[in-house]
Amino acid sequence: MRSSVKLGSVFGVPIGLNFSWFLTFGFVILTLALRVYPDIFPDSSTWVYWVMGVVSGVLFFASILTHEMAHSLIAKAYGIPVKGITLFIFGGVSQITKEAARPLAEFIMAFAGPATSVLLAGAFGLLWWLTGAAEDEPLPVMLEWLWLMNLFLGAFNLTPGFPLDGGRILRSILWGVTGNYRQSTHWASRIGQLMAYALMAFGFAGIIRLISFLDPVGSLWLIVLGMFLESAARQSWRQVRALEVLKAFRARDIMTREFRTSEADVSVAEALAHQPTMRGAGGVFVMEDERVVGLVQPEAFVNVKRDRWATTRVGALMTPASEVRVVGPEEDAAGIIQTMEAEELSCLPVVEGGRLLGLVNREDLGRLLMGRQDLSA
Ligand SMILES: [Zn+2]
């Protein structure tokens with residue numbers, strides 16, 4: 001999930017909005033201002049409904065961010081790098097780059113989100129009660145909607161199917177009891193798929209008017225949400241199997257010894273003219289007197305506009321050797337791909353005792369998986 005709009009960092013976690021989120025945000029505010037609040041107290045003025053809609057809409061998405069922040073902070077406490085939190089069409093997502101290493105860590109990491117939502121529901125509920133819980137005043141009416149929504153968010157996320165928090169909680173419990181990570185993931189994602197089909201069925205029943213309290217928009221929403229959750233459940237399972245395949249390979253088995261090199265003061269145009277396939281095909285070591293002084297990730301070339309090729313030197317794109325992330329020859333490919341994901345790298349040099357042995361490229365890992373899939377097919 002890409003962030004289209006970056007909002008800054010909180011506790012070292014970058015927060016952003018995906019464009020699809022604006023659709024949801026608009027829909028929530030419209031529903032609140034045009035339907036929910038006018039239904040509750042019809043005698044107020046239009047601008048009051050709009051102000052209430054915007055204020056409670058913003059607080060609702062702040063609540064979702066707080067839920068995600070709980071996941072992210074626990075992940076960081078367990079030493080798992082977090083790329084950021086993104087709000088998108090279906091709510092929020094924490095980009096946690098690795099799975100937890102132990103069932104208890106996964107349990108706490110997953111449980112922190114819904115627990116935070118329930119706590120927020122309690123806080124808004126308390127404020128609602130303190131402000132008199134009146135049905136005809138803006139503030140208590142907004143607070144009531146907010147505690148209800150947070151409670152719903154906590155409860156919905158606790159449903160025990162992957163990729164929802166409840167699915168992760170279920171997996172962590174199964175994993176803790178059976179010790180079998182693979183099988184536990186299989187069960188949790190199967191239940192996740194079943195739940196997703198149930199949501200789609202509800203949506204469909206709403207569309208053909210079998211369920212009267214679901215309006216067409218809500219029904220369609222359920223169908224789309226179900227489709228999203230189904231594909232996410234399937235993907236989580238596929239990812240676990242992919243990592244399992246990659247675990248069988250060591251860096252020394254998959255690295256290439258034929259990597260590209262360039263001098264630092266060569267222009268990008270010159271470097272690419274000599275090596276036309278450089279773009280998108282592995283990293284380039286920058287050399288000085290037979291010595292490696294840095295590494296250019298393939299994306300760095302792609303990010304240079306064509307009219308700058310002549311004036312940009314390769315040295316300007318490189319990461320100095322002292323800052324380049326390296327792996328040892330015995331590291332397994334599952335760990336390597338997770339490091340690449342976490343640190344947004346496309347290639348990692350393999351180094352042993354200060355000596356460069358080779359380079360692992362992301363494409364090679366992809367090819368490895370493809371090859372395996374062909375075999376099993
Ligand atoms: Zn969550």
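The values are calculated or read from the model by the stated rules, or taken from the named source; none is laboratory data. Computed from a prediction, not measured in an experiment: that's the story for all the values here. Cβ placement follows ideal geometry from the backbone for every residue including glycine, while neighbour counts extend to all protein chains displayed. Please note that ligands, DNA and RNA were not included when accessible areas were found on the heavy atoms of the full protein model with its side chains. Shrake-Rupley method; radii C 1.70, N 1.55, O 1.52, S 1.80 Å.
Using a probe of 1.4 angstrom, how much of the accessible area of the chain is carbon and sulfur, in percent? Walk me through the intermediate numbers first.
Numbers: 12430 of 19880 Å².
Carbon plus sulfur share of accessible area: 63 percent.
Relative contact order of the chain, taken over Cα pairs closer than 8 Å and 6 or more residues apart, is 11 percent. For the range 1-74, trypsin sites (Lys or Arg not before Pro) are listed when DSSP marks them as loop and at most 13 other Cβ atoms sit within 10 Å of their Cβ; the list is R2. The count of lysine pairs in the chain whose Cα atoms are under 28 Å apart, excluding pairs fewer than 8 places apart on the same chain, comes to 10. Solvent exposure of the chain amounts to 53 Å² per residue of accessible area, where only protein heavy atoms count and the probe is 1.4 Å.
Using alpha carbons only, how many degrees (0 to 90, rounded to 10) separate the axis of helix 103-130 from the longest principal axis of the chain? For helix 103-130, the angle is close to 30 degrees. Taken about its Cα centre, the chain carries a charge dipole of about 800 debye when Lys and Arg each add +1 at the Cβ and Asp and Glu each add -1 at the Cβ.
Pick from A134, A100, A342 the residue whose mean-square fluctuation is largest in a GNM of the chain, springs joining Cα atoms under 10 Å. Fluctuation is largest for A134.
Of L229, I15, I40, which is farthest towards the positive pole of the chain's charge dipole, taken about the Cα centre with +1 and -1 on the beta-carbons of Lys, Arg and Asp, Glu respectively? Going by the charge dipole, the pick is L229.
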